[in-house]
Amino acid sequence: MIDERKLIVVSGPSGCGKDTVVKHLMALRDDVLLSVSCTTRKPRVNEVNGVHYYFLTEEEFMRRVEADRMLEYTNYAGNYYGTPLDELEQKLVGDNIVVLIIEVKGAHNVKTRYPDSLCVFIVPPSIEALRERLKGRGTESDEEIEKRIAIAAKELDELHFYDASIKNVVAVECAQQLSDIIDEWQKKEELPKEMKGTC
């Protein structure tokens, strides 16, 4: 049986630094593992299959969906993303805490299935800062960046759904606050409605 409180969902707009925050979180804690998602998008430079994502064709992805081997999945900016159940079941054992980095719709799906899981939203300092981060990556065209900015604005409207939110100004401080929220979440007998913070 899955201990739902050890299942942590981290969401945030593209370019908000959520991957970096989780990387710092894993450096802080030996008990945190990352669930590697599947996607149909093309790998970016330096992304490794099985480390950053499992890069699948759309046919391979939908085959897993039809076999009911995805915890959740969605289409984001024209590509499919999903959480493979095999990955989750292998890692969520013993004292392990498993982090899923997924977007808003996926977070809703996980929370519906596992209501005691912890959902945390990483907030960018501002939309303009987010735009600059996306430009700085150099991986998307101006048109793609504006599409992601429009998606980000809609995602920020979903903050009320999350159990906690943290503004990511300094990633390592954000990671420490996330770690504290995880500890607090697991200690509570009755889970709080929401926990919000800024770093």
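The numbers here are math on the coordinates, done by the rules we state, and not lab data. Keep in mind the model is a prediction, meaning the values are calculated, not measured. Here the Cβ positions follow ideal geometry from the backbone for every residue, glycine too, while neighbour counts run over all protein chains shown.
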| query | Any residue at all in segment 30-48 that is of a type in the set (Val, Ile, Thr) and part of a helix (DSSP H, G or I)? | reply | no
| said: Give all pairs with beta carbons closer than 7 Å in which a residue from segment 153-165 that is in contact (Cβ under 8 Å) with a residue 24 or more places away in the chain and charged (D, E, K, R) meets a residue that is part of a loop (DSSP other than H, G, I, E, B) and surrounded by 14 or more Cβ atoms within 10 Å (Cβ to Cβ); count only pairs at least 6 apart in sequence or on separate chains. | reply: Glu155/Pro13
| message | Considering only segment 87-104, I want to know if a residue exists there that is surrounded by fewer than 18 Cβ atoms within 10 Å (Cβ to Cβ) and farther than 23 Å from Ile2 by Cα. | response | no
| Wholly within segment 73-187, strands (runs of 3 or more DSSP E) carrying at least 2 residues that are among the aromatic types (Phe, Trp, Tyr) | 79-84
| request: Mind counting the residues in segment 23-77 that are over 17 Å from Gly106 (Cα atoms), surrounded by 18 or more Cβ atoms within 10 Å (Cβ to Cβ) and among the β-branched types (Val, Ile, Thr)? | output: 1
